[in-house]
1. Need one number: nm distance between label points at L376 and S440, each 7 Å from Cα along Cα→Cβ, rounded to one decimal.
2. Looking only at segment 197-212, which residues have a backbone nitrogen under 16 Å from a spot 7 Å from the Cα of H15 in the C-beta direction?
3. Compute the distance in nm between two label points, each set 7 Å from the Cα along the Cα-to-Cβ direction, one at E208 and one at D148.
4. Would you please name the trypsin sites (Lys or Arg not before Pro) within segment 390-440 that are DSSP coil residues with at most 12 other C-beta atoms within 10 Å of their C-beta?
5. If you line up the long axis of helix 64-77 against the longest principal axis of the chain, both from Cα atoms, how many degrees apart are they, to the nearest 10?
6. For a quick check: with amide H placed at 1.01 Å from N, whose amide H comes under 5 Å from Y174's, ignoring anything fewer than 5 positions away on the same chain?
7. Which residues does the label zone of S328 cover in segment 367-410, counting backbone N under 11 Å from a point 7 Å along Cα→Cβ?
8. Return the long-range amide H neighbours of V261 (sequence gap of 5 or more, or a different chain), with a cut-off of under 5 Å between placed amide H atoms.
Amino acid sequence: MSEEQHYRLGTLAIHAGQRPDPQTGSIALPIHQTTAYSFKSAEYAAQLFNLEVPGFIYTRLNNPTTGVFETRCAALEGGVGAVATASGQQATFIALMNILGDIRESQKTPDAGPHVVASAAIYGGTVTLFSKSLESLGIRVAFVDARDPQKVAAAIRPCTRAVFIEAVANPSNYILDYEALGEVAHAAGVPLVIDNTVMTPVLFRPLEHGADIVVYSATKFIGGHGTCMGGIVVDGGRFDWTKNPERWPHLTHPDVAYHGVNFCERFGKAAFITRCVTHMLRDYGGVLAPHSAFLFLQGLETLHIRMQRHCENAMALAQWLEANPMVSWVNYPGLESHPSHALATRYLKNGFGAMLAFGVKGGRQAAEKFVESVQLAIHATNLGDVRTIVTHPASTTHRQLSEVELDAAGVSGDLVRVSVGIEDIADIQEDFEQALKASSRL
Ligand SMILES: Cc1ncc(COP(=O)(O)O)c(C=O)c1O
């Protein structure tokens, strides 16, 4: 990648990691729909298995098509490497497991760990992953209000091994002080992990603002067309695991599973991401299919222009909703009325994203009527699609929550979440106008 690093984001989105195929001249990336690769000799195979030479072994570990997707994501984020996964959930899971290493070791410490500090305002599926599945493995997660970096600092314990936040969590759309949070994590000697699904590298590059590891659901804006599931882990390569080697023995000590390879010594800045492949993909699976990697690359090629249009539409829709008498409130970081507008203008130089939320006058019933009445927008729970999608969290994603819990999650009954698509804005506004009128007739 080094020869390409002087290119700008829009160029990297199209070219990073790939040139026309030298053998056939094929301009589009070939889909290497293969599970295995022939070894040219027994010695070469042994070198591959000893991690002495780079190369392809088996598609659960690596694949040439998926490899281009990984290289391109690393280039867009400014990282040293990336690993693609079968879903965003899998990306978060393996990123954390690869930080934590052998959890039995930290359970022996007096302040039994391992422990993770996470923002309370994150995707509901990640909350469940942390509070149920990781807890069941003996990993403790403290959820805090990450809008205040001091609350994060106060939650960190000697056995804390990571701080996890989302670049922007919906439906609140709070923008955090990422650099201050990075300082808090680094002062405690732990990496900051940021889920950048909703912003994408076009709007925000976490590695430039304190993050050490970035995770994504590629299912959303990266794919962009709602056609396939996937995730990605990007390693910034800057976190120094050797500074507190006893915390990360799986990266800093010889690994018996690989004939005594010491990942930090052998792979330097790429130690973390290499182990993501050699241990996390090898053992847990959850690998991205080559065909999905191809579709994600097609998504990446237009990401920069799609995000621009998403942001323009979202801003126009937010302003239009704010002026609409059938709407009680609008939540969009690009509006001056948003509580974190100042942080948004500081960190987001290319637009404020595609996600907004608003309250329908008339409360919960009126909001339900609104999502039933849209004709162009689609009533679903996805986001990041080229199509405008509306969701009523209180009756879908947050349905099981009591009124008190809904309130704590910032989900009021009147709230409609919108993932603003890239259609003509006048058509989106006309559709919302007729749906708002239908909801006001109740
Ligand atoms: C911010 C965020 N992170 C992660 C995920 C999980 O991604 P996936 O559905 O690809 O597993 C989602 C899914 O909605 C999400 O919104």
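No value in this document is a laboratory result; all are computed from the given coordinates. In this text the structure is predicted, and so the values were computed from the model without any measurement. Because the Cβ atoms are built from the backbone with ideal geometry, glycine has one as well, and the counts that use them run over all protein chains shown.
1. It is 1.9 nm.
2. none
3. 3.1
4. Working: sites: R399, R417, K437; in loops: R399.
Taking segment 390-440 and a limit of 12 other Cβ atoms within 10 Å, the loop trypsin sites (Lys or Arg not before Pro) found are R399.
5. In the chain, helix 64-77 runs at an angle near 60 degrees to the longest axis.
6. Counting only residues 5 or more places away or on other chains, the set is A169.
7. Correct set: 367.
8. When sequence neighbours closer than 5 places are left aside, the close amide H contacts are D255.
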